[in-house]
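Everything below concerns the one structure shown next.
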Amino acid sequence: MAKLKCLLFGLLLSLCLCDAVKILAVFPVPSPSHGILGDNMVKHLLDGGHEVTYITPYVSKQPSHPKLRIVDVTDNTNFFSDKMLDVKQIMSGAMNLQDNEVLFEIMVNIARLTFENPNVQKLLKDRTYKFDVIIGEYMFTDLYSSLPAVLQCPFIWFSTIEPHSMILSLVDGPVNPAYYTGYLLPEIAPYSFSTRVRELWTLVKALYQNNAQFYAKEEEIYMKTLAPIVREQGRPVPNYNDLKYNASLLLGNTQVAIGSSIPLPQCYKHIGGYHIADPVKPLPEDLKKIMDNAKNGVIYFSMGSNLKSKDLPEDLKQGLLKVFGGLKQTVLWKFEEKLPGTPKNVHIVQWAPQQSILAHPNLVLFVTHGGLLSLTEAIHFAAPLIVIPVFADQFLNAKQAQHKGYAIKVDLSYHLHEDLKVALDKVLGDLPKYTARVQELSVAYHDSPMKPKEALNFWVNHVVKTKGSPHLKSVALQVPLYQRVYLDLLAIIFVALIVLLIVVKKILCLVMGKKNTKVKTN
Ligand SMILES: *[C@@H]1O[C@H](CO)[C@@H](O)[C@H](O)[C@H]1NC(C)=O
């Protein structure tokens, strides 16, 4: 009997293991917010019963789980870390993180380091383990889409920010710059004439850079790091270009209630908000007490995980304390150091459970850097915002939130405290309006057929079940850009016009010539 039970149990176990989808999750960017997105995605995939191999620089943070295998790329932190992001440098303009070329250089090198990493090479060379699907984080480089050359399974992009021309061009085509290009220019349509022209120029430049400059570098890395493994496997090496445009799906850390409603290809799926704990974790006792007792409401101030407020200039810190001290609300400030002369209504916290704070009914306002995770949490918990964007997509996010009517944007500068005071007066003076607006958006955000984490598991399963979901692939990928924008037709019209001009000129010459000769003979 015991033997039979053992046998049955073994059979069941093997069935379970066979059923589990084997996923490779590639999140090698050493930045805390990217870690949050990777960790939570892996958690939901494990909860969905899948077997996950996780490439991450955040090894110590990972739980032990029988179906989780970690591939350590901690070495990536040697090359890049958020400690490099100094507020003072950004404020003085010495560091420009809006520049496509700068971002590409950083990110393509992270991809190279990841592919060269001995742990990753070992994983790629292991032929005993077969993956069903790869999920790769898109961060200004297309390189991860070449992994299927070695692993022979469908590939899914995961995009951490609002959709933009660069990522969409990989699965469909760039969007129309007359109303949208994404983070490249922080503008909200409808545009003025000059902005429309600038958007077009920005898009053309980015597409040129991507195809002319960046492509060669990526292909070179692909040929150096992955192609040899493919050859070892005894297969022909696929063309990098074919791999680049062969993703099965694009998962976006987005929701349309948060961003712009733009045409998106069928393979684009919104899963924004999946990183938010459900149900939200309870607040620690001390914070709970502060928030419960805040009769005039709580303002939460945090510049996110990237920027350390201690890098702020000293005058600015004192200025901020003074502004906060003059408010009747309680202020929770996430800050890495204790400040002397902190007013009674200001509480400095080194560590803050942001989601639980935003979920508290006494929260009235969130002052944030405008990262997409914070923005999503603000809409999830319906908190009005003041946004102080610092880099990358935060400028677009800030403008978007202001445009939607639940936020005010404030520029990061040496007189931030003065500008912040003006913005605080404005929002707090009209709080019901801002709150009502964010509540409306929150309803739109929550009213959905599937929760974000369910959508994540559903679409990953869908790709595996349908062997790479070729039915979702955009037909636009088969149409070259010049055909899509009718450059061929324009060329024909142009040539026809020139021919017509020449013919008309010739005829006129002939007629005039004859007339002239007639005149002469007369
Ligand atoms: C493109 O993806 C599909 C589905 O995953 C796969 O069958 C095909 O071999 C891929 N093509 C290339 C060139 O890798």
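So, in region 323-365, exactly how many residues are part of a strand (DSSP E or B) and touching a residue at least 60 places away in the same chain (Cβ under 8 Å)?
4
Can you list the strands (runs of 3 or more DSSP E) lying wholly within region 212-322 that have 1 or more residues being assigned by TED's automatic domain parsing to the domain that holds LEU151, under 25 Å from MET41 (Cβ atoms) and small (Gly, Ala, Ser)?
Filter on region 212-322 gives 249-252.
Residues that are within 16 Å of the ligand (Cβ to nearest atom): find the helices (runs of 4 or more DSSP H) completely inside region 430-522 holding 2 or more of those.
452-465
Any chance you could count how many residues in region 73-99 are surrounded by fewer than 18 Cβ atoms within 10 Å (Cβ to Cβ), at pLDDT 75 or above and touching a helix residue (DSSP H, G or I) at 6+ places or on another chain (Cβ under 7 Å)?
Qualifying residue count, region 73-99: 2.
Can you name the residue in region 400-429 that is in a helix (DSSP H, G or I) and among the β-branched types (Val, Ile, Thr) and, of all such residues, is nearest to LEU375 (Cα to Cα)?
So, considering only residues that are in a helix (DSSP H, G or I) and among the β-branched types (Val, Ile, Thr), the one nearest to LEU375 (Cα to Cα) is VAL427.
Could you count how many residues in region 243-278 are basic (Lys, Arg) and touching a Ser or Thr at 6+ places or on another chain (Cβ under 8 Å)?
1
May I ask you to list the residues in region 178-211 that are not hydroxyl-bearing (Ser, Thr, Tyr) and not in a helix (DSSP H, G or I)?
If the condition is that a residue be not hydroxyl-bearing (Ser, Thr, Tyr) and not in a helix (DSSP H, G or I), then ALA178, GLY182, LEU184, LEU185, PRO186, GLU187, ILE188, ALA189, PRO190 are the ones that fit.
Select from region 217-253 the residues that are away from the ligand (no atom under 16 Å from the Cβ) and in contact with a Phe, Trp or Tyr (Cβ under 9 Å, 6 or more places away or on another chain) and list them in ascending order.
LYS217, ILE221, LYS224, THR225, GLY252, ASN253
Mind counting the residues in region 136-156 that are within 11 Å of the ligand (Cβ to nearest atom), assigned to a helix (DSSP H, G or I) and in contact with a Pro (Cβ under 9 Å, 6 or more places away or on another chain)?
3
Residue-wise test of (1) acidic (Asp, Glu); (2) within 30 Å of LEU312 (Cα to Cα).
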{"residue": "ASN397", "(1), (2)": "no, yes"}
{"residue": "GLN400", "(1), (2)": "no, yes"}
{"residue": "ASP419", "(1), (2)": "yes, yes"}
{"residue": "LYS426", "(1), (2)": "no, yes"}
{"residue": "THR435", "(1), (2)": "no, yes"}
{"residue": "GLN439", "(1), (2)": "no, no"}
{"residue": "THR466", "(1), (2)": "no, no"}
{"residue": "SER469", "(1), (2)": "no, no"}
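Each row is one residue, and each column tells you yes or no for (1) buried (at least 17 other Cβ atoms within 10 Å of the Cβ); (2) modelled with pLDDT of 95 or more; (3) out of contact with any Ser or Thr (no Cβ under 7 Å at 6 or more places or on another chain).
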position: PRO340; (1), (2), (3): no, no, yes
position: VAL346; (1), (2), (3): yes, yes, yes
position: GLN350; (1), (2), (3): no, no, yes
position: PRO353; (1), (2), (3): no, yes, yes
position: SER356; (1), (2), (3): yes, yes, yes
position: HIS360; (1), (2), (3): yes, yes, yes
position: LEU365; (1), (2), (3): yes, yes, yes
position: LEU373; (1), (2), (3): yes, yes, no
position: GLU377; (1), (2), (3): yes, yes, yes
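The values are calculated or read from the model by the stated rules, or taken from the named source; none is laboratory data. Small disclaimer: the values here were computed from a predicted structure and weren't measured. Reconstructed Cβ throughout: ideal geometry from the backbone, glycine too, with neighbour counts over all protein chains shown.
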